[in-house]
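The values are calculated or read from the model by the stated rules, or taken from the named source; none is laboratory data. Since we're looking at a predicted model, the values are computed, not measured. All Cβ positions, even for glycine, are placed from backbone atoms using ideal geometry, and neighbour counts span all protein chains on display.
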Amino acid sequence: MATAITGDPLIDARNVPNGALGYIYFYFSDGNKQNGMYVTKTEFKDKKNKTAIGALGTGARLHKTTSTEGTFSIEGYDITNVWVELEAKFRHEGIDEYFNITVIEWDPTTALGKKITNYYNCNVDEVTLSSQDVDDAIKKTSFGGTFEDYEVIESYTVIDGLMMAEAAAAA
């Protein structure tokens, strides 16, 4: 189905997902599952680490991928002690807690369906233990960390026209 304005089936605003919809869940080693603690923003990245190598006969530096590194950042309302307690557990007992995160990206008004990604062996790098700001009407907190692996459990549905665009790009 083409849009009236462009004739292109891919340019249909109804299929652009609303980034504010979806869910996030945290799974801890003690079996505790916590919903998204009123998460307001997430970002998960997988960065390639590369080594530059030289080669005779060329003045160019070539690049070889040697590993990847998964990182995440999360912002949300400061309504839980979970992250402070995890940090205290490491500081006082030497126990560094790893956990898993499931992110469900789902806007039911699109034809895309859900995208569900699991992030495994997540570990927080830094936690704000306490903060106050007279200009902060709604108190937020943020933290980041690393993850060891991820798996896309469910992908978005391919919408009409996308397969044609993918085939044309590959040609």
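Annotations for the structure displayed:
- Top-ranked residue of region 151-171 - restricted to ones that are of a type in the set (D, E, K, R) and under 22 Å from Phe44 (Cβ atoms), ranked as modelled with the lowest pLDDT: Glu154
- Pairs with Cβ under 7 Å, 6+ apart, first in region 125-137 and farther than 16 Å from Gly76 by Cβ and without any contact (Cβ under 8 Å) to a residue 40 or more places away in the chain, second of a type in the set (Val, Ile, Thr) and surrounded by 10 or more Cβ atoms within 10 Å (Cβ to Cβ): Asp125/Thr146
- Qualifying residue in region 143-150 (condition: buried (at least 16 other Cβ atoms within 10 Å of the Cβ), modelled with pLDDT of 85 or more and in contact with a helix residue (DSSP H, G or I) (Cβ under 9 Å, 6 or more places away or on another chain)): yes
- Considering the conditions (1) over 16 Å from Asn32 (Cβ atoms); (2) outside any loop (DSSP other than H, G, I, E, B), Leu112 is excluded by exactly one of them, (2).
- Region 98-122, residues that are in contact with a helix residue (DSSP H, G or I) (Cβ under 9 Å, 6 or more places away or on another chain) and surrounded by fewer than 17 Cβ atoms within 10 Å (Cβ to Cβ): Thr109, Ala111
- Glu69 meets each of the listed conditions (1) closer than 24 Å to Lys33 by Cα; (2) modelled with pLDDT of 95 or more; (3) in contact with a strand residue (DSSP E or B) (Cβ under 6 Å, 6 or more places away or on another chain) apart from (1).
- Matching residues in region 79-88 - criterion: being β-branched (Val, Ile, Thr) and surrounded by 15 or more Cβ atoms within 10 Å (Cβ to Cβ): Val82, Val84
- For region 1-33, the set of residues classified as charged (D, E, K, R) and either at pLDDT below 60 or within 19 Å of Thr117 (Cβ to Cβ) (or both) consists of Lys33 only.
Condition check ((1) at pLDDT 90 or above; (2) more than 27 Å from Asp30 (Cβ to Cβ)) across all residues:
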| residue | (1), (2) |
| --- | --- |
| Gly59 | no, yes |
| Tyr77 | no, no |
| Thr109 | no, yes |
| Leu112 | no, yes |
| Val124 | yes, no |
| Asp133 | no, yes |
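- Listed by position, the strands (runs of 3 or more DSSP E) enclosed by region 29-78 that each have at least 3 residues that are more than 14 Å from the chain's Cα centre (by Cα), hydroxyl-bearing (Ser, Thr, Tyr) and loosely packed, with under 11 Cβ neighbours inside 10 Å are 61-77.
- For region 82-107, the set of residues classified as within 19 Å of Ile24 (Cα to Cα) and either outside any helix (DSSP H, G or I) or polar (S, T, N, Q) (or both) consists of Glu97, Tyr98, Phe99, Asn100, Ile101, Thr102, Val103, Ile104, Glu105, Trp106, Asp107, listed by residue number.
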